[in-house]
Structure formats: C-alpha cells, structure tokens
Amino acid sequence: MKSEFTPPIGKITKINGKCISLIGNDIDTDRIIPARYLKCVNFDSLGESVFADDRKNLKGRHPFDLQENENASILVVNSNFGCGSSREHAPQALLRWGIKAIIGESFADIFYSNCIAIGIPCFTLAKELIQKIQKYKDDKFLFFEIDLKKSLAKSKNLNFNLDIKESSRKMFISGEWDATSTLLENENLIENKFSQLPYIKFNTNLL
Amino acid sequence: MSKDTLFDKVWDLHKVSSLPGGSDQIFIGLHLIHEVTSPQAFGALKDKNLTVKFPSRTVATVDHIVPTDNQSRPFKDSLAEKMIETLEKNCLKHKIRFFNIGSGNQGIVHVVAPELGLTQPGMTIACGDSHTSTHGAFGSIAFGIGTSQVRDVLASQTIAMNKLKVRQIWCDNKLSSGVYAKDLVLHIINKLGVKAGVGFAYEFAGPAINALSMEERMTICNMSIEGGARCGYINPDEKTFSYIKNKLCAPKNDHWENALTWWKTLKSDENSIYDDVIKIDAAKIEPTVTWGITPGQSIGINQQIPLLDELSPNDKLVAEEAFEYMSFKPGQSIKDIPIEVCFIGSCTNGRISDLRIAAKVLKDKKVSKNVKAFVVPGSERVAIAAKKEGLDQIFKDSGFQWREPGCSMCLAMNSDRLIGNQVSASSSNRNFKGRQGSPNGRTLLMSPAMVAAAAINGKVSDVREFIN
C-alpha cells in the first residue's frame, strides 16, 4: 500500500504499471471490502482492509499479500468482478491499495460506474486473453503500458487491444470524468425538467 | 434496442441531456439516503463548495448500522454512533427530511419509502444501495448508485448513465402453495445466472407476477441486482394504486385523481420491443434454497447439490470454490442440512406479510434447541403492525428473539452476526462469503416460511409439510 495517497485527477491517458492477477468469477464487493469496514465517514483507511477476510483465510498467500505483487497497479480479474453491493468503498479500497486500472472479462454495472467515477479505468478482454495474461503472470512479472487514446496495452512480449466503453474512454482522455461539474453545466435544463415532471405537481405533501 | 417499454418511457421523461461521450443525464425524482454511503458524498459537496439542489427530493433514514437489541443513544458502538450523528448533522444542515429511530417511520430504506407512499409509478429513484431496485415493483425506474453518484444527485439531482437494455422475464401460470416470491426470484437467478442482467433492466411480467401482492413484487424486484440487473420493474396496476392510496406521503384529494390518471398511462405498450424475452413456468418451482456462495447457486428443496459435471464450464470455477467454502458435497441433498442460526428480516423479506407467513408456520411450535433464531422487522411501522396482530408474541413463544428494526444480519454491520463457520437459514438476499459477519460463516438463502420451518426442525426442511 502506498503511504501517501493522492487521488487521480484530470486527464488520464497513460497508465504504466505492474500487473496483479486475481483469479475467480463473481468476486463480490463484500469480499473486496467486508461490511464491518464500512463503519467510517471517509474512505481514508480502506486500503489496508481490501480483501480483509480472503487475506486472513489465505494466511499471506493472497495475491494482495505476495511480495512479488508489491506496488502493482493493474489488476487482472475474471468475469462479473465487483458484483453485489453498490458500496463505493470497494473501488476506493482498491485505489488506496494502489490499483490504477482493472482489466477483466466483465464487470458488474454499479462497480463499473463507481470505478469510472473515481478515476479507475476498467477494460474488458476476451476470457482466453485474460487467462493468457494470468498464466503468463504465474511465471514472471508482467508490466503493461496502457494507452487510453489507442485502447492498447503493451508489454515486452504481449500486446492487447483493450475494450472500454467509449463514453468512459472519452471522459478520461478529456479529463472530464469528474461528473458533477459537467452535470451542473446544464442547470437551466435541470430546472426545466423539474418543473415539467408530472409527479412534482401532485406530491405537494412531500415536505 | 428496446422501444415503448415502461423503462423507455420513464427514461425518456427524465432525460435532461445527452452528454458528450454518449451517456445520458437523467433527473432523479426521488433520492433516498442512509448513513453508510452518504457521509463521503456530503463531504465532497463541502470540498467543492456546493449545496443540495433540491432538498425536498431527498429523504433519509438510518438502517445499516443500527443495533437491534439496545437502540438507546449514544450507541454502544462508537463508530456506529459517529455515523448516525453525521447523518443527523448533514440532514439538519441541508434541510433534508430524516426519519430517525423513534420517529415511527424509521427502518430499512427500501421498506420505508414504499410504506410511506414515497415510492410511486413513473419516478426515477436512486439510492446509494444496490437493493434500490426494490422500488421498481411500483413501476418506477430505480437503481443503486455509488457514493460519487450520491454526491452528483445531491448537487444536481441528476446522474450520468448509459441507458440500459430491457429484458422481459415472462412468468407463466402461478406459484403453488408453499412457494413464494423469494423462491421465484431465486429460481430466475439460477436459470439466467448472476451476471446475465449486467447492462439490462429486468421487466417482470406475466400471470404469475400479476398474481403477486405488492410486497411479493418488492421481493422480486429487490433481487434483480443478484441477477446482475441494476434495475428491475413491474408495470403498475390496480394493486399498485390501492397500496399507495392514503399512505403518509401519497398524493391526496384532487392530486390523487391527477396522479391516478397519469399512473394509468404508465405501462409497456402491447407491441413494445424488448432486447430479450425469457419465459419461466412458475408452476414448476419448488421451495428453493441456495447451497453456495452466490444467489445463483440454488436448488429445489427435493433436489441434490449439483455434480461438477452437470454444470456449465463457466459455473464450475465458482462451484468448486463454493464446495470448499461451504463444506457441502456435490450430490448431497439440501434437505436435512443442519442449521444453527435463523434470521428473518432484510429489505428482501422483512415486511409485514413476510412476518405473517413465518408466524403462521411457527404458531404453537418451538424452535429447535440447537438453533439461535431472531426476527428483525423491516421498519418501525412493520414492528407496530406486527405487535398489533400479536405476531411478536407468536415469534417469542416459539423461541425467536424479537428485535428492533434495521438491516441487521443481512450484512452484519451491527453486532448481529454469525460466529465461526455457523450455518444460517436466512430470508435475506446474499450468501456471499463472509456476508453475515464471520469470514467463514455460511448462509443458505430461502423464503421466510422456509426459515421458520428450518428453525423448528433445526435443519433445512420443506415448509409445505407444515402448511398443507
């Protein structure tokens, strides 16, 4: 885990780093960060608790505890990663551990949006290619240079064309992935929508 | 691409703009918040020097961290106390309506909003909780969001989102006696898989769905997310309207007539187009129980835990992991597996009708002496109604502990949790590894009636032997 944490900000066009592979389908957000660590009013201390129960059960053999994975920043996962609870604490914990990008077969919807919202690009690749990376990773260190402009991951011996939702890719390379200000640019449209919605008129007793 | 479904109509109605990059800016009609996923969002507002744009469109309650034994303040758990205090301060500061403990209206956010009449057809509803899909039972488009999106809704009452595809799940015939909405939705998730719904909204339809009560429909939509679908909904009908009528926050007088006129126009057209349609025969479903570590790993009560060879290559990896974690064997019967803890509650099955069904099974029976059993009403209103009907006494007489409302052992953020590798029969929604508070705890999901049967026998049992 990084001792000093600075959140990603602005344009994200290149991510260079060591891969860490985590094998398994349907890895849910309860596993990424068990509920008892959600008792907090900020995200600051989540990094050390990432995969807390799985790591405890594996007694040092969990990928997030292996020395070879120290300072890794590109997480390689299988299918439906991040399913279950909507807790943003899950990607926040990964981010604070040092993860800067995730490559997987597929991601759960809410987890994916949470990652994008906090500046972790999530890329997809076919199952066979993910397995190839994970297998390669078994033997030696694997470093990737990810280029978001080209949606390409390059290493010494392996090159992959990554898939990412075009809306997410554009947001990262333009630096406009922090949504709040983009949304507030349409303030007039929001006011208009509010006044036009039928149910606003007949819900006068809401407050 | 879907066309003229209820989802399309509600989405289009709430679309504020097309954003650069291809996602849509969607207005959120009702925003629900709670103590776990909102504090960082309020913190971000402060950092950015922003205010809450439409405080009247956000409603708060406290549910995840509340103790269910002693709710006097300050809470024994100082972290839980800090979380509720933070929510209290944020609601006060931003003039957000907050249903606190003791208000008579506190409870699990997805139980509270419908019973107060806040949840209505045609709305978009968002909450920093994945089970927000529950509210789709009323013909609203409702989905879970993360904390950054909670911040966006507070600041702008909108979020950026890619439009979902729509899959209709048509349920033919009707459920047989002793088979409930929980069994139906577990069956659907098993058939389609836990990730089939990624990128989709699920429209539940057909005779078996029409026959369900509003509370049963909430159980179905609640678990859409367990099938990967962020949003699940049911077209509103007379049952929907009569459920809402006269609720605390429901439209009244002339407004009621106007609401009704509009709500009646809200449904998928007969010739609407879906991205996908799936058919399910509800009559063939048995009481259903999970045996593994995902809500998709379930079987009928009279079936055996599958052999690896019976599973698709994609399902094998997680099945092997489940066998190891649960210490169950392939081919083993689910029936008669010993149960140590029984939990009735949660946003899936903690409503008054759930308590009535379980109490009916438990009346004049005793909980097995090997079982710790407790019932946690979904809200203060559910608790009051149950007491009025004497259900609390039936539970207590049988040996169940009667607790105060909250999320409790569904996710074990309070002191209600499994110990070691205990096996629980639970009416909640997730059987993930460690979900109920012990890193080795084992959860078997089932209907509240089946939990009651398991409590009496001390093992997984067929509730139909009790009620028929």
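Overview of results
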item	result
Residue under evaluation B:SER130, criteria (1) over 18 Å from the mean Cα position of the chain (by Cα); (2) crowded, with 24+ Cβ neighbours inside 10 Å, criterion not met	(1)
Unmet criterion (only one of (1) in contact with a helix residue (DSSP H, G or I) (Cβ under 9 Å, 6 or more places away or on another chain); (2) surrounded by fewer than 23 Cβ atoms within 10 Å (Cβ to Cβ); (3) touching a residue at least 24 places away in the same chain (Cβ under 8 Å)) for B:GLY296	(2)
Segment A:38-87, subset at the interface with another protein chain (Cβ under 8 Å from one of its Cβ atoms) and among the hydroxyl-bearing types (Ser, Thr, Tyr), residue farthest from B:ARG230 (Cα to Cα)	A:SER79
Residue check for B:GLY197: more than 16 Å from B:PRO114 (Cβ to Cβ), facing chain A (nearest Cβ under 10 Å), touching a strand residue (DSSP E or B) at 6+ places or on another chain (Cβ under 9 Å) and in contact (Cβ under 8 Å) with a residue 12 or more places away in the chain	yes
Pick from segment A:105-125, criterion facing chain B (nearest Cβ under 7 Å) and crowded, with 24+ Cβ neighbours inside 10 Å, ranking: nearest to A:THR6 (Cα to Cα)	A:ALA117
Residue list for segment A:177-207, restricted to those being within 7 Å of another protein chain (Cβ to nearest Cβ) and either of a type in the set (Lys, Arg) or touching a residue at least 12 places away in the same chain (Cβ under 8 Å) (or both)	A:ALA179, A:LYS193
Which listed residue is loosely packed, with under 14 Cβ neighbours inside 10 Å and modelled with pLDDT under 95, from A:ASN192, A:ASN205, A:ASN161	A:ASN205
Residue match in segment B:265-287 (condition: without any contact (Cβ under 8 Å) to a residue 12 or more places away in the chain, within 12 Å of chain A (Cβ to nearest Cβ) and of a type in the set (S, T, N, Q))	yes
Residue in segment B:162-176 that is surrounded by the most Cβ atoms within 10 Å (Cβ to Cβ), counting only those that are farther than 30 Å from B:GLU286 by Cβ and under 22 Å from the mean Cα position of the chain (by Cα)	B:LEU164
Matching residues, segment A:44-85, being within 23 Å of B:ILE419 (Cβ to Cβ), among the small types (Gly, Ala, Ser) and in a helix (DSSP H, G or I)	A:SER49, A:ALA52
Pair list, Cβ < 6 Å and 6+ apart or interchain, from segment B:1-27 residues that are more than 8 Å from every other protein chain (Cβ to nearest Cβ) to residues that are assigned to a loop (DSSP other than H, G, I, E, B) and among the hydroxyl-bearing types (Ser, Thr, Tyr)	B:SER2/B:TYR274; B:ASP4/B:SER272; B:THR5/B:SER268; B:THR5/B:SER272; B:LEU6/B:SER268; B:ASP8/B:SER2
Selection status of B:ASN49, free of Cβ contacts under 8 Å to residues at least 40 places away in the same chain and more than 9 Å from chain A (Cβ to nearest Cβ)	yes
Qualifying positions in segment B:315-330 - without any contact (Cβ under 8 Å) to a residue 60 or more places away in the chain and among the polar types (S, T, N, Q)	none
Of all residues making up segment B:240-256, the number that are assigned to a helix (DSSP H, G or I), surrounded by fewer than 18 Cβ atoms within 10 Å (Cβ to Cβ) and more than 9 Å from chain A (Cβ to nearest Cβ)	2
Boolean, B:GLY300 is closer than 19 Å to B:GLY228 by Cα and of a type outside the set (A, V, I, L, M)	no
Filtered residue count, segment B:430-468, keeping only those that are more than 14 Å from every other protein chain (Cβ to nearest Cβ) and of a type outside the set (A, V, I, L, M)	11
Residue in segment B:58-78 that is more than 9 Å from every other protein chain (Cβ to nearest Cβ) and under 20 Å from B:ILE159 (Cα atoms) present	yes
All positions within segment B:434-468 that are among the basic types (Lys, Arg) and in contact with a strand residue (DSSP E or B) (Cβ under 8 Å, 6 or more places away or on another chain)	B:ARG435, B:ARG442, B:LYS459
Set A:SER174, A:SER168: member being in contact with a Gly (Cβ under 9 Å, 6 or more places away or on another chain), crowded, with 17+ Cβ neighbours inside 10 Å, within 13 Å of chain B (Cβ to nearest Cβ) and of a type in the set (Gly, Ala, Ser)	A:SER168
Test set (1) buried (at least 22 other Cβ atoms within 10 Å of the Cβ); (2) within 14 Å of chain A (Cβ to nearest Cβ); (3) under 18 Å from B:GLY296 (Cβ atoms) - B:LEU186 fails condition number	(2)
Number of the condition not met by B:GLN40 [criteria: (1) part of a loop (DSSP other than H, G, I, E, B); (2) under 25 Å from the mean Cα position of the chain (by Cα); (3) within 8 Å of chain A (Cβ to nearest Cβ)]	(1)
When residues of segment B:397-408 are limited to those that are part of a helix (DSSP H, G or I) and either among the acidic types (Asp, Glu) or within 22 Å of B:GLY102 (Cβ to Cβ) (or both), the one nearest to the chain's Cα centre (by Cα)	B:SER408
Restricting segment B:447-461 to residues that are in contact with a helix residue (DSSP H, G or I) (Cβ under 7 Å, 6 or more places away or on another chain) and in a loop (DSSP other than H, G, I, E, B), the residue that is surrounded by the fewest Cβ atoms within 10 Å (Cβ to Cβ)	B:VAL460
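To keep it simple, each residue is scored yes or no on (1) within 14 Å of chain A (Cβ to nearest Cβ); (2) touching a strand residue (DSSP E or B) at 6+ places or on another chain (Cβ under 7 Å); (3) closer than 25 Å to B:GLY441 by Cα; (4) of a type in the set (Val, Ile, Thr).
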position	(1), (2), (3), (4)
B:LEU308	no, no, yes, no
B:GLU320	yes, no, yes, no
B:THR348	yes, no, yes, yes
B:ILE384	no, no, no, yes
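Residue by residue, here is whether (1) modelled with pLDDT of 95 or more; (2) out of contact with any Ser or Thr (no Cβ under 6 Å at 6 or more places or on another chain); (3) closer than 29 Å to B:LYS165 by Cβ holds:
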site: A:MET1; (1), (2), (3): no, yes, no
site: A:GLY24; (1), (2), (3): yes, yes, yes
site: A:LEU38; (1), (2), (3): yes, yes, no
site: A:ALA52; (1), (2), (3): yes, yes, no
site: A:HIS62; (1), (2), (3): yes, yes, no
site: A:ALA72; (1), (2), (3): yes, yes, no
site: A:VAL76; (1), (2), (3): yes, no, yes
site: A:ARG96; (1), (2), (3): yes, yes, no
site: A:SER113; (1), (2), (3): yes, yes, yes
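The values are calculated or read from the model by the stated rules, or taken from the named source; none is laboratory data. A quick note: this is a predicted structure, and the numbers were derived from the prediction, not measured. So basically every Cβ, Gly included, is an ideal-geometry build from the backbone, and we count neighbours across all protein chains shown.
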